[in-house]
Amino acid sequence: MNRVHNLYCSSDRWARGAREKLLPWGLSGVELGDNVLEVGPGFGATSQVLAERPGKLTILELEEDYCEHLRSVLGERAEVVQGDATQMPFEDASFSGAACFTMVHHIPSPDLQDRLFAEMFRVLRPGGVFAGTDSIGRGLLFKLFHIGDTLVLVDPDGLPGRLGAAGFESVRVSTSKQSLRWSARKP
């Protein structure tokens with residue numbers, strides 16, 4: 001992420017929005033279970049909320065600097081693993097639920113995004129839920145935030161088919177003015 005994007009994502013404003021709006025909306029009607037994987041939380045505003053829930057939280061983050069930050073902030077409330085979401089270092093059927101929030105657009109191609117979806121499917125137990133949110137990318141400010149960043153937006157209309165191709169069922173996708181959310185279940 002560029003410097004401006006980094007500053008915003010590490011701000012109290014972003015953390016408050018994640019706690020009060022993003023996660024309640026993104027996880028409305030979703031039960032992640034007792035052993036949850038969160039992928040790509042960056043500074044961890046969403047991780048801090050998930051860590052308050054009962055059960056185990058494992059975080060997979062690509063950037064080692066973010067991993068160190070997450071370990072210092074979350075301590076024993078979560079296991080933080082450095083790794084690539086398109087090649088997860090976890091056994092098949094390891095998690096009851098998996099989530100990612102506003103990060104898929106940072107994956108550099110639709111093919112790699114689809115690989116993330118396939119990996120989420122692989123590491124979920126049967127009956128496990130994959131839920132998440134991402135930005136739709138409307139507006140000049142959003143585009144300015146991503147100058148020099150990877151920005152590959154997810155088409156909300158195409159997402160059900162992509163999740164279905166990864167093996168998911170019961171796919172739900174909805175949008176707000178600026179964001180999309182989804183949930184899908186592994187049979």
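Here are a few things to note about the model shown:
- Among the residues of the range 139-182, just one is surrounded by 19 or more Cβ atoms within 10 Å (Cβ to Cβ), small (G, A, S) and farther than 16 Å from M103 by Cβ, namely A166.
- Flag for G75 being of a type in the set (G, A, S) and surrounded by 15 or more Cβ atoms within 10 Å (Cβ to Cβ): no
- Residue under evaluation I136, criteria (1) surrounded by fewer than 17 Cβ atoms within 10 Å (Cβ to Cβ); (2) closer than 24 Å to R185 by Cα; (3) at pLDDT below 95, criterion not met: (1)
- Members of the range 141-187 that are of a type outside the set (V, I, T) and in a strand (DSSP E or B): E169, S170, R172, S174, S179, L180, R181, W182, S183, A184, R185
- A Cβ distance below 7 Å, combined with a sequence gap of six or more or placement on separate chains, defines the contacts here; from the range 92-115, residues that are within 21 Å of L23 (Cα to Cα) reach residues that are assigned to a strand (DSSP E or B) and of a type in the set (S, T, Y) in the pairs F101/T133; T102/T133; T102/S135; H105/S135.
The values are calculated or read from the model by the stated rules, or taken from the named source; none is laboratory data. The structure presented is a predicted model; accordingly, all values stated were derived computationally and were not measured. Every residue, glycine among them, receives a Cβ derived from its backbone with ideal geometry; neighbour counts consider all protein chains shown.
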